[in-house]
1. Can you tell me which residue in the stretch 269-294 is nearest to residue 41 (Cα to Cα), limited to those that are assigned to a helix (DSSP H, G or I) and touching a strand residue (DSSP E or B) at 6+ places or on another chain (Cβ under 8 Å)?
2. For the list (1) closer than 25 Å to residue 94 by Cβ; (2) surrounded by fewer than 15 Cβ atoms within 10 Å (Cβ to Cβ), I need the number of the one condition that residue 231 fails.
3. I need a count of the residues in the stretch 59-85 that are out of contact with any strand residue (DSSP E or B) (no Cβ under 8 Å at 6 or more places or on another chain) and either without any contact (Cβ under 8 Å) to a residue 24 or more places away in the chain or under 28 Å from residue 175 (Cβ atoms) (or both).
4. Among the residues of the stretch 243-259, are any closer than 30 Å to residue 54 by Cα and modelled with pLDDT of 90 or more?
5. Here are some residues: 219, 174, 164, 195. Which one is at pLDDT 95 or above and within 19 Å of residue 80 (Cβ to Cβ)?
6. Which of the residues belonging to the stretch 144-163 are crowded, with 20+ Cβ neighbours inside 10 Å, part of a loop (DSSP other than H, G, I, E, B) and in contact (Cβ under 8 Å) with a residue 40 or more places away in the chain?
7. Scan the stretch 68-81 for residues that are assigned to a loop (DSSP other than H, G, I, E, B) and at pLDDT 95 or above and jot them down.
8. Could you check the stretch 193-208 and list, in sequence order, the residues that are under 22 Å from residue 94 (Cα atoms) and in contact with a helix residue (DSSP H, G or I) (Cβ under 6 Å, 6 or more places away or on another chain)?
């Protein structure tokens, strides 16, 4: 359910409008988590609705926590050609999407449309790259950005203006620069090199043999970057580690290109179109009724009454 507060609401203590805050949601990541978190839920007609219900609940929770002024859900549009050319086995080990989940994606998009939350997909463009491109635009506009995802690749985007919200983290802690440093031992600017050394089993990217997270952290603390590491490879004390790094140099260099998110991804998204708007209560009511979401229907009516009172008070009606 959408936050009913008007965009740019003035605070009691200031006449300045609130700063723009953009919440970007990894669509497929959230849908998968919702699907597996709730394993059995169907509509009155017998259609699977577990992913829909879980997705709505997760979105509501994220909005309540972040209180964004702007929001967008970005979906995968396929694997990037450039990465497939670099590594044909890229993400090849991933199983096909469960049919019961796939059948619910259009319904999730219908919910987003009714809630007036922007939803975007670009054919041939991975969601990660599109999210990075939109984040770059928001930073240039001096907005704050929160990316809702459990994908560790996004740690490379973290900065004083960009934080991560991991739906798997029950503490709801936003991951900033300090949290990235605490989790990995390196700076966000070193994450691409860190992941390039250790590889990524989720994306089927092999790292340098014998190089785990701790070793990669130690190497980057000593040398600063992969470039410096290979320029001074003779300074690596362990003969076995030095040989592994030397033999896998080509793969590690390739990994840098695989892991680095493409800020120039061709995503036709303008920041202005991401502003949160009033939800279409009638459309949401119809959807919730179709899906049999009685609790969400009750909450919708309560929120609608509160919102109506708010705007009536502003207009001097009550």
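The values are calculated or read from the model by the stated rules, or taken from the named source; none is laboratory data. Predicted, not measured: the structure shown is a model, and the values here were computed from it. So basically every Cβ, Gly included, is an ideal-geometry build from the backbone, and we count neighbours across all protein chains shown.
1. Here is the first cut: in the stretch 269-294, the residues assigned to a helix (DSSP H, G or I) are 271-274, 281-291, 294.
Now restrict to residues that are touching a strand residue (DSSP E or B) at 6+ places or on another chain (Cβ under 8 Å): 271, 273-274.
Values: 271: 36, 273: 33, 274: 31 Å.
Looking at residues that are assigned to a helix (DSSP H, G or I) and touching a strand residue (DSSP E or B) at 6+ places or on another chain (Cβ under 8 Å), I get 274.
2. With (1) closer than 25 Å to residue 94 by Cβ; (2) surrounded by fewer than 15 Cβ atoms within 10 Å (Cβ to Cβ) applied to residue 231, the lone miss is (1).
3. Residues that pass the stated criteria total 10.
4. Among the residues of the stretch 243-259, at least one is closer than 30 Å to residue 54 by Cα and modelled with pLDDT of 90 or more, which makes the answer yes.
5. Of the residues listed, the single one that is at pLDDT 95 or above and within 19 Å of residue 80 (Cβ to Cβ) is 195.
6. Correct list: 149 only.
7. Listed by number, the residues that qualify are 68, 69.
8. 195, 196, 197, 198, 205, 207, 208
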